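Chemist: Take this structure, written in structure tokens, and hold onto it; I'll ask about it next.
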Amino acid sequence: MANTKRKCQMMPRFEISQRHLEILNEATHRRNNPAEVLYGQLIEQIIRFEETLTQEQEIGAYFVATPLNAVAISTVDFQNPNMLIFVGQDLEGRPHREVTAL
């Protein structure tokens with residue numbers, strides 16, 4: 001039998017580019033922070049809608065359970081991983097905070 005030696009070729013080292021790391025980090029961040037992702041999407045929708053308004057118009061939103069306890073929303077915030085927070089005033093001017101769990 002002939003003595004045959006096989007030459008083992010080394011595979012090139014797998015390298016991850018900086019861009020791939022950024023994509024991976026962003027995907028991980030989005031998966032671990034759904035409230036932030038939803039908050040960003042909500043703000044984008046508000047901005048797009050505001051762009052369609054004239055100078056005389058403005059956007060407004062209310063939480064309404066009954067006509068007597070409507071809350072005018074003035075601020076939207078979030079807390080990761082799963083809370084959207086809406087802050088505003090009721091019809092009598094009292095401060096109100098609505099926390100919505102995702």
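The values are calculated or read from the model by the stated rules, or taken from the named source; none is laboratory data. All of these numbers come straight from a predicted model, not from anything done at the bench. Counting neighbours? That spans all protein chains shown, and the Cβs are built from the backbone with ideal geometry, glycine included.
Chemist: Can you tell me which residue in the range 56-79 is surrounded by the fewest Cβ atoms within 10 Å (Cβ to Cβ), limited to those that are modelled with pLDDT of 90 or more and in a loop (DSSP other than H, G, I, E, B)?
Modeler: Restricting to residues being modelled with pLDDT of 90 or more and in a loop (DSSP other than H, G, I, E, B), the top hit is Glu56.
Chemist: Yes or no: the range 72-86 includes at least one residue that is closer than 24 Å to His29 by Cα and in contact with a His (Cβ under 9 Å, 6 or more places away or on another chain).
Modeler: For the range 72-86, residues closer than 24 Å to His29 by Cα and in contact with a His (Cβ under 9 Å, 6 or more places away or on another chain): present.
Chemist: Take the conditions of a type in the set (D, E, K, R), modelled with pLDDT of 85 or more and out of contact with any Cys (no Cβ under 9 Å at 6 or more places or on another chain) and apply them to Glu22. Does it pass?
Modeler: Taking the combined requirement at face value, the residue does not satisfy it.
Chemist: Right, Glu36: in a strand (DSSP E or B) and either of a type in the set (D, E, K, R) or touching a residue at least 40 places away in the same chain (Cβ under 8 Å) (or both) or not?
Modeler: Here the answer is no, as Glu36 does not meet what is asked.
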